[in-house]
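The values are calculated or read from the model by the stated rules, or taken from the named source; none is laboratory data. Predicted model, so just to flag it, every value in this text is computed and none were measured. No Cβ is skipped: glycine too gets one built from the backbone with ideal geometry, and neighbour counts run over all protein chains shown. Heads up: the accessible areas ignore ligands, DNA and RNA and are worked out on the full protein's heavy atoms, side chains in. Shrake-Rupley method; radii C 1.70, N 1.55, O 1.52, S 1.80 Å.
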Amino acid sequence: MKTQVCIIGGGPSGLMLSQLLHLKGIETVVLERQSREYVLSRIRAGVLENGFVKLMREAQCGDRMDREGEIHDGFFIAHDEKMNRIDLHKYSGGNSVMVYGQTELTRDLYEARDRMNGIVIHNAEDVQPHDLKSQAPYVTYRVGDKTDRIDCDFVIGADGFHGVSRKSIPQDVLKEYEKVYPFGWLGVLSRTPPVSPELIYAKHARGFALCSLRSQILSRYYIQVPLSDRVEDWSDEAFWAELKRRLPKEVADKLITGDSIEKSIAPLRSFVAEPMRYGNLFLAGDAAHIVPPTGARGLNTAGSDIYYLYQGMVAHYLKGDSSGLDNYSEKALARVWKAQRFSWLLTTMLHTFPDSMAYDQKLQETEFNYLFSSESAQRSLAENYVGLPF
Ligand code: APR
Ligand code: PHB
């Protein structure tokens, strides 16, 4: 098979790019290792910045998001029985975020690809890009016992952190930066009304907690846990009891609990791979960078990669101008690092670090108190949370 752009990975990054390029008349094929059911069963974060919301609309995938998503103008940071509100609207110049689950968003992208007869090949195993430095790269893969090959102009590595694309860049070219945090998040999804109309990030000596939501009948809660904990160690009752301990009493008293419909532990990691281009391979999204979930930057940072790639591809194919593709790595990484900084900052400020020294604890407290004593600090938090410009 022949196409213009072969996209490895059918997560939100790959699907979004495929959809945007299709609308400009650029051909793509998406190769996804998993079945569609599997991809659509993954539970991920659910806060979209304005730039991502606009991309969804531009991709003609925004109708359900606009109907069912919730606009949030602020969120709370709870500590010591106090609920401190960050006014996103006020401090970001009238901006806000959209609460809409990544699972729903991925479903919308798949529906759009189907509607336009986009080619998405599921259960593609042994996916391997070749001749990336040449003008004629190709990708081989296998479905069942049939192997095939896709010839293309460009390969997009949108295959997440564990994908094959980043590993195809030679070791002496690729530089990886990584920070692993000494804890994880235990998350529970429950069919219960959310405890608060706005998100609550809670800083507590027993560990961080987060109250989030997917809708007015579906809640998502998290608590910080040691990396040694396993999901089986946490009954629903134990989870709710621990969550309540970490919230201000007025919130804990209101919390409606129920059976978990999903429960999982995610380790917290910061990671960046540079460069994001190697020959005619371009990395995007989780394939190139990971953030801890504290500032909800993961999907949103993938969004800016996709935007830059989309613009670069359109200029290349429609105007013969390759400067956007040539600058891609540098431009994408500049924004990626700002998201890394913000996620690290929020993670560091809100979590309890098992072996932290008294000095670090004092700094953490000072950082926290400074935030709520300074409008400039709140403005900085708000502008990062709603998303820096692309
Ligand atoms: N071949 C083909 N597909 C692969 C391969 C491979 N070797 N390895 C992984 N994949 C697929 C995965 O099954 C997955 O569906 O690539 C897809 C990557 O999707 P994500 O991991 O969701 O990454 P991305 O699309 O970049 O999404 C950005 O934002 O909120 C964050 O981490 C969260 O997934 C989210 C991300
Ligand atoms: C979520 O709803 O899953 C969520 C929200 C905000 C975050 C992280 C996760 O910062």
List the number of the failed condition for D66; all other conditions in (1) open to solvent by 60 Å² or more (accessible area, probe 1.4 Å); (2) over 29 Å from K263 (Cα atoms) hold.
(2)
Scanning the range 41-73 for residues that are more than 16 Å from ligand 2 (Cβ to nearest atom) and either in contact with a strand residue (DSSP E or B) (Cβ under 8 Å, 6 or more places away or on another chain) or of a type outside the set (K, R) (or both) gives G51, L55, M56, E58, A59, Q60, C61, G62, D63, D66
Could you please find all residues in the range 152-203 being touching a Ser or Thr at 6+ places or on another chain (Cβ under 6 Å) and either aliphatic (A, V, I, L, M) or touching a residue at least 60 places away in the same chain (Cβ under 8 Å) (or both)?
C152, G157, A158, D159, K179, G187, V188, S190, T192, L199
Name every residue in the range 122-153 that is of a type in the set (A, V, I, L, M, F, W, C) and open to solvent by 30 Å² or more (accessible area, probe 1.4 Å), in order of residue number.
A136, V143
Residue list for the range 127-164, restricted to those being part of a loop (DSSP other than H, G, I, E, B) and over 28 Å from the mean Cα position of the chain (by Cα)
D131, K133, S134, Q135, A136, P137, G144, D145
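Listed here are the residues, each with its yes/no results for (1) at pLDDT 95 or above; (2) touching a Pro at 6+ places or on another chain (Cβ under 6 Å); (3) outside any helix (DSSP H, G or I).
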position	(1), (2), (3)
R335	yes, no, no
T347	yes, yes, no
T352	yes, no, yes
T366	yes, no, no
One residue is enough: does the range 181-190 have a residue meeting the conditions in contact with a Gly (Cβ under 6 Å, 6 or more places away or on another chain) and within 14 Å of ligand 2 (Cβ to nearest atom)?
yes
Regarding the range 145-156, can at least one residue be identified that is more than 16 Å from ligand 2 (Cβ to nearest atom), closer than 30 Å to R220 by Cβ, of a type in the set (K, R) and modelled with pLDDT of 95 or more?
no
Run down Q19, Q34 and say which single residue is modelled with pLDDT of 95 or more and near ligand 1 (Cβ under 8 Å from one of its atoms).
Q34
Counting just the residues of the range 4-62 that are of a type in the set (K, R) and touching a residue at least 12 places away in the same chain (Cβ under 8 Å), which one comes out nearest to L283 (Cα to Cα)?
R33
Of residues in the range 192-224 being modelled with pLDDT of 95 or more and of a type in the set (K, R), the one nearest to ligand 1 (Cβ to nearest atom)
R220
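Within the group D229, D259, which residue is out of contact with any Asp or Glu (no Cβ under 7 Å at 6 or more places or on another chain) and acidic (D, E)? Please lay out each step first, then the result.
Details: D259 fails: out of contact with any Asp or Glu (no Cβ under 7 Å at 6 or more places or on another chain).
After ruling out the rest, the residue left standing is D229.
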For the list (1) over 20 Å from the mean Cα position of the chain (by Cα); (2) open to solvent by less than 50 Å² (accessible area, probe 1.4 Å); (3) within 24 Å of T3 (Cα to Cα), I need the number of the one condition that G303 fails.
(1)
Of all residues in the range 14-50 being open to solvent by 10 Å² or more (accessible area, probe 1.4 Å) and assigned to a helix (DSSP H, G or I), the one that is nearest to Q60 (Cα to Cα):
L23
Any pair with Cβ under 8 angstrom, 6 or more apart, that starts in the range 284-301 at a residue that is farther than 20 Å from I200 by Cα and acidic (D, E) and ends at one that is open to solvent by 10 Å² or more (accessible area, probe 1.4 Å) and within 13 Å of ligand 2 (Cβ to nearest atom)
D286/G298
Count - residues of the range 270-300 that are within 15 Å of ligand 1 (Cβ to nearest atom), open to solvent by 30 Å² or more (accessible area, probe 1.4 Å) and over 26 Å from K54 (Cα atoms)
0
P267, sole failed condition from (1) closer than 30 Å to D73 by Cα; (2) more than 16 Å from ligand 1 (Cβ to nearest atom); (3) touching a residue at least 40 places away in the same chain (Cβ under 8 Å); (4) open to solvent by 60 Å² or more (accessible area, probe 1.4 Å)
(2)
